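Notes follow once the structure below has been shown.
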């Protein structure tokens, strides 16, 4: 899964916030007005994956382009234009391995620098580099938060259609291991409603959306 996407919660110690339109309730025994003034949301981002192409071999023992920058989740396809060549990772990621290849593919899920070489021609400069960076994308929004008379909490998620949304909850933001997945949905439209039937169980409850 990608990193933290969205969370909301509340704490009675905080005064009213300047932007009540981005407020999110999470404590049942308070009035809606008090909670709205005490809880803030953080935006979330997602981006579509892309495919990138690198040619190698043929008339020149080179990778073309020799260095590229891509986003997390993107794929690189290497294609051999001729000759015995490898696409061998220089670090812990083997990429296409140590053997000769005519073509190979790798999807990069972690930011970082991925250097690679041709095992047969690296001494004459046949090297390459893939720089993987976190991708920008569309904002995900939680809105229309409402306490129901039965003690449930309902809110609306605004996101791209057909994007997987994993809603998680936590009762303690000081612990990164305290998040629990409570609902997964792939909406056909750019919005859907969620109702937490356990919202009133804990005195403090935060929410976030993860985008795998």
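Just so you know, all these numbers are worked out from the coordinates, no wet-lab data involved. Keep in mind the model is a prediction, meaning the values are calculated, not measured. Counting neighbours? That spans all protein chains shown, and the Cβs are built from the backbone with ideal geometry, glycine included.
How long are the semi-axes of the equivalent ellipsoid of region 51-133, taking √(5λ) for every eigenvalue λ of the Cα gyration tensor, in whole Å from largest down?
Largest first, region 51-133 gives 20, 12, 11 Å.
What FRET efficiency comes out for residue 52 versus residue 100 if R0 is 30 angstrom and r is the Cβ-Cβ distance? Round to the nearest 0.05.
Calculated value: 0.85.
Listed highest first by mean packing, meaning other Cβ atoms within 10 Å per residue, what order do 149-157, 110-118 come in?
Packing proxy ranking, top to bottom: 110-118, 149-157.
Can you compute the FRET efficiency between residue 109 and residue 182 using 1/(1 + (r/R0)^6), with r the Cβ-Cβ distance and R0 = 25 Å? Round to the nearest 0.05.
0.55
Can you give me the distance in nm between label points at residue 69 and residue 123, each placed 7 Å from the Cα along the Cα-to-Cβ direction?
Inter-label distance under the simple model: 3.4 nm.
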